[in-house]
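Below you'll find the structure, written out as structure tokens, and then a few comments.
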Amino acid sequence: MERPYVILNLAQSLNGYISGPDGRRVLLSSDEDWNRVMGMRRSVDGILIGKNTVIHDDPELKLNDDSPAIRIVIDPKLSLEGKNYRITDGTRRTAILNETREDTDGINSYIRCGRPFDLRTAMARLYGIGIRKILVEGGKITAENFLRVGMVDEMYVFISNTVLPDGGVRMPSVSSERRNAVVGITVIRGGVLMKISPGEWI
């Protein structure tokens, strides 16, 4: 199956949370790490998140005007439809991956990806419209799904020097003990960036 090259990027607190209680967004990336993320966004054809990230964070997924990347959201049941979220505000092309709808609404495209929703089908459909490289930015369920089906080619985790209270969303889980997962470490302002072997995180 032809599919896009997938980069997974996550940020966590020092005590292992990727968001606050009830999925509340917490700023974990430092300015230096944020510049790194923006650089990755400029290098890909699409930036992908799941519907829960939209609901909790309402991200804009900022891009430079000259960036070719589209915004991509996984929303199998179209639970975001009719809501006023910035990711479907019509300011930049957005692809909504879902189970049933196949059409366009302005510059937003609805792409049917099997029923029940199938991530492999979704990636093949994106490849078919010219998407060759994707940056996956979360959340936890989306990251776990990509890892479980073996569709992560690069993985980065920024460990912030922030400690969060208990009750938040933790990093994606693993099925059994893993060792030697870290293949590179860079100390940057505000934390530590780790390059991870995706095959050691499933």
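Every number here is computed from the coordinates shown, using simple stated rules; none is lab data. As the structure is a prediction and not an experimental result, all values here were calculated from the model. Every residue, glycine among them, receives a Cβ derived from its backbone with ideal geometry; neighbour counts consider all protein chains shown.
When you restrict to C-alpha pairs under 8 Å that are six or more residues apart and normalise by the size of the chain, the relative contact order lands at 32 percent. Using θ = phi - 60° in the Karplus curve 6.51 cos²θ - 1.76 cosθ + 1.60, the 3J(HN,Hα) couplings for segment 187-193 round to 8, 10, 4, x, x, 10, 9 Hz; x is entered for Gly and Pro.
Here segment 149-202 is assigned +1 on the Cβ of each Lys and Arg and -1 on the Cβ of each Asp and Glu. Its dipole about the Cα centre then comes out at about 140 debye. Computed from point charges on the beta carbon alone (+1 for Lys and Arg, -1 for Asp and Glu), the dipole magnitude for segment 1-130 about its Cα centre is near 240 Debye.
Each residue, Ile141 and Arg24, gets one label point 7 Å from its Cα in the Cβ direction; the gap between the two is 2.1 nm. Considering only Gly114, Met1, Ala11, and ranking their Cα positions along the charge dipole of the chain that arises from unit charges at the beta-carbon of Lys, Arg, Asp and Glu, the one farthest toward the positive end is Met1. Only helices enter the 222 nm calculation for the chain: every DSSP H run of n ≥ 4 contributes -39,500 (n - 2.57), and dividing by all residues gives -5500 deg cm²/dmol, rounded to 500.
Here's how it looks for Leu28: its modeled amide H is under 5 Å from none belonging to a residue 5 or more places away or on a different chain.
Of all beta bridges DSSP finds with both residues in the chain, what is the antiparallel percent, to the nearest 5?
Bridges in the chain that DSSP calls antiparallel: roughly 40 percent.
On full extension, the segment bounded by Asn161 and Asp89 gains 22.5 nm, given 0.36 nm per residue less the C-alpha separation. From the alpha carbon centroid of segment 52-81 to that of segment 140-158 is 17 Å. Taking the longest Cα principal axis of the chain as reference, the axis of helix 119-128 is set at about 60 degrees.
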